[in-house]
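S.K.: Quick one: the structure is below, questions incoming.
The values are calculated or read from the model by the stated rules, or taken from the named source; none is laboratory data. Computed from a predicted model, the values in this text were never measured in an experiment. Cβ placement follows ideal geometry from the backbone for every residue including glycine, while neighbour counts extend to all protein chains displayed. Only protein heavy atoms, including side chains, enter the accessible area calculation; ligands, DNA and RNA are left aside. Shrake-Rupley method; radii C 1.70, N 1.55, O 1.52, S 1.80 Å.
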Amino acid sequence: STIIRDMVGAWPDKYVYIKPYTTRPLREGETDKISVSIEQYCDMEERGMFAYDNPLYGVRYGTPIEPIRNAYTEGKIPLLDFPLKDLNKLQLPGDIALVGIYCFPPSIKTWMNRITRDARANMSRVFAARELWRLQDTQYLNSNIHFAIINSEGESLRASNEIHDFLQKKYS
C-alpha cells in the first residue's frame with residue numbers, strides 16, 4: 001500500500017488506487033479502504049458491484065468494478081492491493097489486462113516485524129505469509145506474477161519507480 005500511495009502521488013495522471021470496501025471498522029488513520037456495514041456490503045454484492053468478494057480474517061473485502069472501469073475511461077491504470085493467489089478470480093470485463101506485481105520483503109522475519117509493528121499480525125496472516133513465501137519459486141506463483149521485486153525497509157520510492165518503469169515499458 002505504501003508503494004501504491006507513492007505511485008499515485010508521483011504520477012496522478014497515470015495511476016489511480018482502487019479502494020476496496022470492507023465490513024470491518026477502519027483503523028485509526030486508515031484511508032485506503034471504505035468501511036460499510038455488513039448489510040450495505042451484502043446489498044452491493046447482490047447488485048453485482050464487486051469484481052471480487054474476499055472473505056479474509058473474519059471480515060469481507062470487496063473490489064469494486066466501477067472505479068476500475070472509470071480509471072480505464074480516464075486513460076489511467078487502476079492499482080489494486082490484491083491477493084495474487086486469487087488473481088484469476090477477479091470478474092472483470094475481458095478487455096482489461098491484469099498484471100500481477102509482487103513486492104517481496106527481504107525475509108519472512110522482516111515481513112513479520114513490519115506487520116507486528118503495524119498491529120496487523122494475526123495467525124491467519126502469519127500462516128498465509130509463510131505459505132506464500134514457501135511458494136514464491138513455484139510454477140503457481142510464477143504464473144500469477146509478471147514482475148517481482150524485493151522491497152527493503154525505506155526503499156518504497158525505489159520500488160515504485162521500478163514498477164512504474166516496468167509498466168511504462170510493457171504497456172506504453
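S.K.: Of (1) closer than 21 Å to residue 163 by Cα; (2) at pLDDT 90 or above, residue 82 satisfies all except one. Which?
M.R.: Unmet for residue 82, out of (1) closer than 21 Å to residue 163 by Cα; (2) at pLDDT 90 or above: (2).
S.K.: Among the residues of the range 145-158, count how many are open to solvent by less than 50 Å² (accessible area, probe 1.4 Å), more than 17 Å from the chain's Cα centre (by Cα) and modelled with pLDDT of 70 or more.
M.R.: Here the count works out to 0.
S.K.: Taking the condition out of contact with any Gly (no Cβ under 6 Å at 6 or more places or on another chain) and in contact (Cβ under 8 Å) with a residue 60 or more places away in the chain, does residue 97 pass?
M.R.: Yes.
S.K.: Also, quick follow-up: Only one of (1) more than 23 Å from residue 3 (Cβ to Cβ); (2) modelled with pLDDT of 90 or more; (3) surrounded by fewer than 17 Cβ atoms within 10 Å (Cβ to Cβ) is not met by residue 65, so which one is it?
M.R.: (3)
S.K.: Give the number of residues within the range 8-33 that are surrounded by 14 or more Cβ atoms within 10 Å (Cβ to Cβ), more than 13 Å from the chain's Cα centre (by Cα) and either on the phi > 0 side of the Ramachandran plot or not in a loop (DSSP other than H, G, I, E, B) (or both).
M.R.: 3
S.K.: Yes or no: residue 60 basic (Lys, Arg) and outside any strand (DSSP E or B)?
M.R.: Details: basic (Lys, Arg): yes; outside any strand (DSSP E or B): no.
No.
S.K.: Would you mind finding the one in 122, 142, 70 that is at pLDDT 70 or above and polar (S, T, N, Q)?
M.R.: Being at pLDDT 70 or above and polar (S, T, N, Q) holds for just one of 122, 142, 70, which is 70.
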